[in-house]
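Novice: I'd like to ask you about the structure that follows.
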Amino acid sequence: MRLVILAIGKLRDPWVLAGCAEYEKRLRPRLPVEVIEVKDEAQLLRKLPPRFQVWGLDERGQQPSSRELSQRLQQVYLSGTSGLALCIGGADGHSSLLRERADYLLGLSKLTLPHRLARLIVLEQLYRAQSILDGSPYHRE
C-alpha cells in the first residue's frame, strides 16, 4: 500500500520542513509515503490517485485517539485498496466537493491549526499509528 499526502500550499518555514522531513524519513521504511504540494483544491482533486481511499483533514471530522487511528489505518491495509490519499486543505479548509468525495473525514483537533502545522502533526500521527501496528515502543500508554 502507498500513502500520498496532497497538501494545498508550500511549506517554507525551516522548522516545519525539518520536522516533516524527519517523520517522512521515519515512515518510509514502514509505509511508502509521497507528499504532493498543489496550488488549489481543483488541482488536488485532479491529483487524487485512482482506486485510493481518500481521507480529508477537516475540523468537522472524527477525532480518533492514536490507537483508533492505527486501527483505521489497518482497515485500509486490509481493504485491498491501492493506497491512501490524505488531503490537507488550505487556509479556508476543503470545499463540500472534497468532503463529499472523501471516504473519511479526519479531525486533528477542535483547535484551528495552520495547514503547515497540520501536515507536521498528521505525519507524526501516521508514524505513531504505524508504530502501534508494528508493536514499536514509540507509542507509550
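Novice: Gain in length, ARG99 to ARG60, computed as 0.36 nm per residue apart minus the alpha-carbon separation, to one decimal in nm?
Specialist: Working: separation 39, 0.36 × 39 = 14.04 nm, distance 1.00 nm.
Gain on extension, ARG99 to ARG60, equals 13.0 nm.
Novice: I've got another one for you. Just the accessible area per residue of segment 93-141, please: how many Å² with a 1.4 Å probe? Could the numbers behind the result be given before it?
Specialist: Numbers: 2670 Å² over 49 residues.
Heavy-atom accessible area per residue stands at 54 Å².
Novice: Report ³J(HN,Hα) in whole Hz for each residue of segment 26-32, in order, from the Karplus equation J = 6.51 cos²θ - 1.76 cosθ + 1.60 where θ = phi - 60°; Gly and Pro get x.
Specialist: Whole-Hz 3J(HN,Hα) from phi for segment 26-32: 5, 7, 3, x, 9, 8, x.
Novice: Extending each Cα 7 Å along its Cβ direction at ASP92 and GLN43, get the distance between those two points in nm, one decimal.
Specialist: Output for this residue pair reads 1.6 nm.
Novice: Report the extension gain between ASP13 and SER136 in nm, rounded to one decimal, defined as 0.36 nm multiplied by the number of residues separating them, less their alpha carbon distance. Intermediate values should be presented prior to the final figure.
Specialist: On the way: separation 123, 0.36 × 123 = 44.28 nm, distance 3.02 nm.
Gain on extension, ASP13 to SER136, equals 41.3 nm.
Novice: Enumerate the amide H contacts of GLY61 below 5 Å, restricted to partners 5 or more residues apart or on another chain; note that Pro and chain-start residues carry no placed amide H.
Specialist: GLY107
Novice: Take the solvent-accessible surface of the protein heavy atoms, probe 1.4 Å, and return the percent of it on segment 32-141 that carbon and sulfur atoms account for.
Specialist: Numbers: 2840 of 6010 Å².
Carbon with sulfur: 47 percent of the solvent-accessible area.
Novice: Shape of the chain from its Cα gyration tensor (a ≥ b ≥ c, root eigenvalues): rounded if a/c is under 1.5, otherwise prolate when a/b > b/c, or oblate?
Specialist: Working: a/c = 1.41, a/b = 1.20, b/c = 1.18.
The shape class here is rounded.
Novice: Based on Cβ point charges of +1 for Lys and Arg and -1 for Asp and Glu, what charge dipole magnitude is obtained for segment 1-121 about its Cα centre, in debye rounded to the nearest 20?
Specialist: Numbers: 19 positive and 13 negative charges, 63 e Å.
Rounded to the nearest 20 debye, it is 300 debye.
Novice: Run lengths n ≥ 4 of DSSP H only: what is the helix-derived mean residue ellipticity at 222 nm for the chain, with -39500 (n - 2.57) per run over all residues, to the nearest 500? Spell out each step's value before the answer.
Specialist: Values: 5 runs with 60 residues, N = 141.
For the chain, the value works out to -13000 deg cm²/dmol.
Novice: Out of the trypsin sites (Lys or Arg not before Pro) in segment 43-78, which ones are loop residues according to DSSP with at most 11 other C-beta atoms within 10 Å? Write out the running numbers ahead of the final one.
Specialist: On the way: sites: ARG46, LYS47, ARG51, ARG60, ARG67, ARG72; in loops: ARG51.
In loop regions of segment 43-78 (DSSP not H, G, I, E or B), the sparsely surrounded trypsin sites (Lys or Arg not before Pro) are ARG51.
Novice: Can I ask one more? What does the charge count around ALA118 come to, taking other residues whose C-beta lies under 12 Å from its C-beta (Lys +1, Arg +1, Asp -1, Glu -1)? Intermediate values should be presented prior to the final figure.
Specialist: On the way: positive: ARG116, ARG119; negative: ASP58, GLU59, GLU124.
Cβ neighbours under 12 Å give a net charge of -1.
The values are calculated or read from the model by the stated rules, or taken from the named source; none is laboratory data. Keep in mind that this is a model prediction, so the values were computed, not measured. Using ideal geometry, Cβ is built from the backbone for each residue, glycine included, and neighbour counts are taken over all protein chains shown. Side chains are part of the model used for accessible areas, which takes the heavy atoms of the whole protein and leaves out ligands, DNA and RNA. Shrake-Rupley method; radii C 1.70, N 1.55, O 1.52, S 1.80 Å.
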